[in-house]
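Visitor: Quick one: this structure, given as structure tokens, is what I'll be asking you about.
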């Protein structure tokens with residue numbers, strides 16, 4: 001049996017991108033349930049689904065409910081479920097599958113490893129969909145479902161997924177914050193952030209085509225003390241950025257030392 | 001008058017990419033001078049230039065010498081120049097133009113804002129070439145020369161360039177080091193770094209198509225305390241990574257607070 005009728009709990013960025021991809025792939029999105037009426041209504045309209053703002057309406061004939069809510073809202077949603085569901089999965093990187101125990105006949109995880117923003121289309125085909133399931137039949141069903149929208153489907157258990165999510169925070173959230181620091185530093189000199197666009201694109205390409213260790217360049221790697229000191233001097237009025245500068249430079253030097261050994 | 005005969009001091013990654021681009025654009029690379037014979041020979045062969053390992057051979061009819069050596073080698077090279085040159089530029093982000101005073105009739109800077117690795121082709125056309133010159137005629141000559149190989153030529157003074165280089169260290173070197181941390185974390189769970197490739201590519205695209213501030217996502221931004229704590233617990237045996245985690249999370253939260261104000 002394959003899962004064809006899908007319900008969503010949540011109408012945020014993750015729910016939006018998954019539901020729209022599934023709808024386009026010919027799957028039947030039966031209902032969007034979200035506390036906020038207006039995103040639920042928009043997503044329902046986009047996917048031909050019904051919508052509701054109450055968890056009491058989880059009886060819409062969905063073969064699986066995909067709960068795509070913020071990590072810290074998961075427990076609250078579970079506690080307000082009106083009854084045991086036939087199948088329930090969450091989409092959280094850092095939450096174990098066990099949190100769903102007792103709330104559905106079959107439980108699983110459907111974690112898309114990507115950064116989603118509103119109004120920004122993402123090519124779901126390439127997004128790694130990380131599947132976990134409490135039993136073999138749901139595992140097969142979820143893998144089939146995932147392959148309808150992505151070519152990159154993997155079985156990842158809760159322990160691995162937690163570590164994967166942590167790695168993603170470094171590679172995505174922290175990286176983006178460093179872009180933000182760079183933008184601030186440029187604007188202080190009246191320079192546009194666009195100057196860095198080719199460098200940012202090439203840095204990302206290099207790390208994936210070579211490897212981060214091989215791709216490393218810069219004054220910290222060369223142990224160019226004069227440049228390191230002059231950079232720290234430039235940051236003397238930005239203590240937090242200076243602290244990041246010192247810490248990241250030390251990390252680069254230690255990683256490089258380990259590599260050489 | 002435009003500069004057509006170019007000499008290079010240095011045969012590393014920056015010299016390689018500039019000289020090869022200029023050669024392809026039909027400019028005449030007359031000589032490569034580098035302490036190490038073998039890279040000088042390779043680059044000379046690639047560009048149809050002569051080569052030498054001695055600074056005493058700076059008489060090859062070059063209209064401008066481009067000194068592309070590591071930042072901390074610049075002073076040493078200058079001190080060993082046999083005579084005052086007609087025109088001399090350096091390619092350093094963090095070095096003021098004034099360091100060249102007295103070593104040439106005309107002095108300038110030709111700073112390509114990109115991360116270069118050996119054997120890795122770069123589309124020079126898009127690379128910002130940041131020009132500075134001690135006088136108006138050299139400025140015009142350098143801008144003409146730069147436009148032969150790039151569509152992205154800018155006049156940037158020494159103070160701005162220093163700040164630009166600092167911003168580039170955050171956006172490129174530190175970002176790449178974070179990719180390295182992510183790779184280490186994954187390998188600890190037997191997961192391949194390839195899993196993060198789509199996320200890394202999208203994070204870079206988002207920051208340039210939206211802006212880093214708008215693009216920010218993740219547990220720190222949401223102030224999801226449970227996830228932040230569980231991530232720090234995962235890093236208990238990696239004190240340096242834990243310190244980076246705490247510092248970057250705090251930075252994301254403070255940037256977000258400022259944005260809202």
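Visitor: In degrees between 0 and 90, to the nearest 10, how far off the longest principal axis of chain B does helix B:136-149 point, with axes built from Cα atoms?
Guide: With both axes taken from Cα atoms, the answer is about 70 degrees.
Visitor: Same structure, new question: Using Cα centres only, tell me the gap between segment B:5-27 and segment A:236-260 in whole Å.
Guide: 32
Visitor: On average, how many beta carbons from a partner chain sit within 10 Å of the beta carbon of a residue in B:240-249?
Guide: Values: counts 6, 3, 0, 4, 7, 4, 0, 7, 13, 4.
So the per-residue partner count for this stretch is 5.
Visitor: Quick one: label points 7 angstrom along Cα→Cβ at residue A:72, distances to the other copies in nm, smallest first?
Guide: Ordered by distance, the counterparts are at 4.4 nm.
Visitor: Let me ask something else about it. Taking the Cα atoms only, what angle lies between the long axis of helix A:13-24 and the longest principal axis of chain A, rounded to 10 degrees?
Guide: Helix A:13-24 and the main axis of chain A meet at about 60 degrees.
Visitor: Taking Cα centroids, how far is segment B:84-111 from segment A:90-136 in Å?
Guide: About 56 Å separates the Cα centre of segment B:84-111 from the one of segment A:90-136.
Visitor: Report, for the protein assembly as shown, the % of DSSP beta bridges that are antiparallel, rounded to 5. Write out the running numbers ahead of the final one.
Guide: Working: 10 of 56 bridges.
DSSP beta bridges in the protein assembly as shown are roughly 20 percent antiparallel.
Visitor: Show me, bin by bin at 20 Å from 0, the whole-percent P(r) of the protein assembly as shown based on Cα pairs.
Guide: 21, 45, 25, 9, 0
Visitor: What are the label-to-label distances in nm, one decimal and shortest first, from residue A:223 to the same spot in the other copies, with labels 7 Å along Cα to Cβ?
Guide: Ordered by distance, the counterparts are at 4.4 nm.
Visitor: Give the percent of DSSP beta bridges with both residues in chain A that are antiparallel, rounded to the nearest 5.
Guide: Numbers: 5 of 28 bridges.
For chain A, the DSSP antiparallel bridge percentage is about 20.
Visitor: Just to confirm the number: angle between the C-alpha axis of helix B:197-209 and the first principal axis of chain B, 0 to 90 degrees, nearest 10?
Guide: For B:197-209 against chain B, the angle is about 70 degrees.
Visitor: Going by a ≥ b ≥ c, the root eigenvalues of the Cα gyration tensor, does segment B:5-156 fall in the rounded group (a/c under 1.5), the prolate group (a/b larger than b/c) or the oblate group?
Guide: Details: a/c = 1.37, a/b = 1.02, b/c = 1.35.
The shape class here is rounded.
Visitor: Using mean Cβ contacts within 10 Å as the protection proxy, how do B:232-239, B:170-177, A:73-80 order, highest first?
Guide: Numbers: B:232-239: 12.9, B:170-177: 26.5, A:73-80: 14.5.
Answer by packing, highest mean first, reads B:170-177, A:73-80, B:232-239.
Visitor: Indicate the gyration tensor shape class of chain B (rounded, prolate or oblate), computed on the Cα atoms with a ≥ b ≥ c the square roots of the eigenvalues: a/c under 1.5 is rounded; otherwise a/b larger than b/c is prolate and the rest oblate.
Guide: Details: a/c = 2.49, a/b = 2.08, b/c = 1.20.
It comes out prolate by the Cα gyration axes.
Visitor: Debye sum, Cα scatterers, segment A:161-260, no solvent: what log₁₀ I/I(0) at q = 0.11, 0.19 1/Å?
Guide: -0.39, -1.22
Visitor: Peptide A:126-139: average number of partner chain Cβ atoms within 10 Å per residue?
Guide: Numbers: counts 4, 3, 6, 0, 2, 0, 0, 0, 0, 0, 0, 0, 0, 0.
Counting other chains' Cβ atoms within 10 Å and averaging over A:126-139 gives 1.
Visitor: Starting from the Cα gyration tensor of segment B:1-56, take the square roots of the eigenvalues, sort them a ≥ b ≥ c, and report rounded, prolate or oblate (rounded when a/c is under 1.5, otherwise prolate if a/b is larger than b/c, else oblate).
Guide: On the way: a/c = 1.96, a/b = 1.47, b/c = 1.33.
It comes out prolate by the Cα gyration axes.
Visitor: How many percent of DSSP beta bridges within segment B:91-239 run antiparallel, rounded to 5?
Guide: Rounded to the nearest five, the antiparallel share is 60 percent.
Every number here is computed from the coordinates shown, using simple stated rules; none is lab data. These numbers come from a predicted model, not from an experiment. Here the Cβ is made from the backbone with ideal geometry for all residues, glycine too, and neighbour counts use every protein chain on show.
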